[in-house]
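The values are calculated or read from the model by the stated rules, or taken from the named source; none is laboratory data. All values reported here derive from a predicted model rather than from experimental measurement. Note that we place each Cβ from the backbone using ideal geometry, even for glycine, and neighbour counts take in every protein chain shown.
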Amino acid sequence: MTELHPAGASREAASHLARWLGLAASPIFAIMAVLTAMFSGGPADMLCSAGHGLSLGGMVPMYLLMSAFHSAAWLRLMSGRPRVGRA
């Protein structure tokens, strides 16, 4: 019978949690972008989008960019490619 070392168990749990957090980030940021677009219009939004024309400094574009940058975990899952560093 093999003995499981506590440090190995905590590393395994941390790796599992990191995988799930990586998958959760992109949809959460996309939801935040939609909610911000739907319920925006307060005084803070006027400060964030003080420019004229197309404003890339608002919260909605920021959340969409964060969602895009965090989509690598989903792309890896859909492609079936194994994670780097796994045997």
Screening 7, 25 for residues that are modelled with pLDDT of 85 or more and part of a helix (DSSP H, G or I) leaves only 25
Does region 43-64 contain at least one residue that is closer than 17 Å to residue 77 by Cβ, at pLDDT 85 or above and either aromatic (Phe, Trp, Tyr) or not in a helix (DSSP H, G or I) (or both)? no
